[in-house]
Amino acid sequence: MTNLATPRFLLNGDTAVSAVFGDRISEEVNQTIRAFQLLLTERKVPGIVETVPTYCSLMIHYDPDRISCDRLLGTLKELAASIDTTALPPSEVLEIPVLYGGEMGPDLAHVAENAGISEEEVVKRHSAPEYLIYMLGFTPGFTYLGGLDPSIETPRLKTPRVSIPAGSVGIAGKQTGIYPIASPGGWQLIGRTPVRMYDPLRETPILPRAGQYIHFFPITEEEYRKIEAEIEAGSYRLSTRKREEVKA
């Protein structure tokens, strides 16, 4: 991938800096952000506390008692010059099982009607892509995904639901995603996964990470209950695989 414009660096208070890589949502911009994040991780810059990717930028939180803002900016500009030659490791794809329709997906019929296709075709088109996780936000583990088939884009509900069960898979406009915890929401619900995207008792509470991909695959109610029981018993192992390597 060719190098994008040199990032703009914006100060966010006195403990964070944002490296901005444009103003559009694209996999190319995302790969550049991931490459820059990788460079920072490998350099192990003293004083950097955390890096948080967004659609078009990378926010770098730092400890001003360990590194000054001027010194940090100098290091960031130096590393940015190496983005174009940075090889990204293969991204991980999370295989997420989904029980579509019925009680788990009460809006599947509406999505199908809106698209002018059958419910089965909606499931087929929704479960075909590998969705890039651009960023996390809203609630713990909520994924902002890219890659929804335009033919099944559906407007949000006119009146949001007061409570949506954790694991619900929905569509809202050009977006699709998973509600990691029970919360209000206005997305069109087409299914539910038994996989816990957020579990405060787990060693790593938040399952997905920005830069990974999600692939949904349909399961039966029997399979749903089986996976649900395995998760409760602590014996379920999420299936993952690697995508082909890309270069920033």
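Structural remarks
- Meets criteria (over 22 Å from Glu232 (Cα atoms), open to solvent by less than 50 Å² (accessible area, probe 1.4 Å), more than 16 Å from the chain's Cα centre (by Cα) and free of Cβ contacts under 8 Å to residues at least 60 places away in the same chain) for Ile152: yes
- Filter result for Leu108 (among the hydrophobic types (A, V, I, L, M, F, W, C), in contact (Cβ under 8 Å) with a residue 60 or more places away in the chain, under 20 Å from Phe217 (Cα atoms) and surrounded by 15 or more Cβ atoms within 10 Å (Cβ to Cβ)): yes
- Only one of Tyr144, Tyr131 that is under 12 Å from the mean Cα position of the chain (by Cα), modelled with pLDDT under 95 and of a type in the set (Ser, Thr, Tyr): Tyr144
- Tally of residues being among the hydroxyl-bearing types (Ser, Thr, Tyr) and not in a loop (DSSP other than H, G, I, E, B) across region 3-39: 2
- Just one of the numbered conditions (1) among the small types (Gly, Ala, Ser); (2) at pLDDT 95 or above; (3) under 27 Å from the mean Cα position of the chain (by Cα) is not true of Ala35: (2).
- Taking the conditions (1) under 27 Å from Ile25 (Cα atoms); (2) open to solvent by less than 50 Å² (accessible area, probe 1.4 Å) in turn, Glu130 satisfies each one other than (2).
- Tally, over region 61-84, of residues that are in contact (Cβ under 8 Å) with a residue 40 or more places away in the chain, open to solvent by 50 Å² or more (accessible area, probe 1.4 Å) and assigned to a helix (DSSP H, G or I): 2
- In region 1-11, residue nearest to Thr85 (Cα to Cα) [restricted to those that are at pLDDT 85 or above and open to solvent by less than 60 Å² (accessible area, probe 1.4 Å)]: Pro7
- Evaluated against (1) in contact with a helix residue (DSSP H, G or I) (Cβ under 8 Å, 6 or more places away or on another chain); (2) outside any strand (DSSP E or B), Leu201 falls short on exactly one condition, (1).
- No other residue among Ala16, Ala35 is in contact with a His (Cβ under 6 Å, 6 or more places away or on another chain) and among the aliphatic types (A, V, I, L, M) apart from Ala16.
- Looking only at region 222-239, residues that are acidic (Asp, Glu) and surrounded by fewer than 12 Cβ atoms within 10 Å (Cβ to Cβ) come to 2 in all.
- Filtered by the rule that a residue be outside any strand (DSSP E or B) and either open to solvent by less than 30 Å² (accessible area, probe 1.4 Å) or closer than 19 Å to Ile152 by Cα (or both), region 93-105 gives Gly101, Gly102, Met104, Gly105.
- Residues of region 115-147 classified as in contact with a helix residue (DSSP H, G or I) (Cβ under 8 Å, 6 or more places away or on another chain) and free of Cβ contacts under 8 Å to residues at least 60 places away in the same chain, total: 6
- Strands (runs of 3 or more DSSP E) contained entirely in region 155-195, each with at least 1 residues that are open to solvent by 30 Å² or more (accessible area, probe 1.4 Å): 161-164, 175-178, 183-185, 188-192
The values are calculated or read from the model by the stated rules, or taken from the named source; none is laboratory data. Given the structure is predicted, the values throughout are model-derived calculations rather than measurements. Positions of Cβ are backbone-derived with ideal geometry, glycine not excepted, and every protein chain shown enters the neighbour counts. Remember, those area values only see protein heavy atoms, side chains included, never the ligands or the DNA or RNA. Shrake-Rupley method; radii C 1.70, N 1.55, O 1.52, S 1.80 Å.
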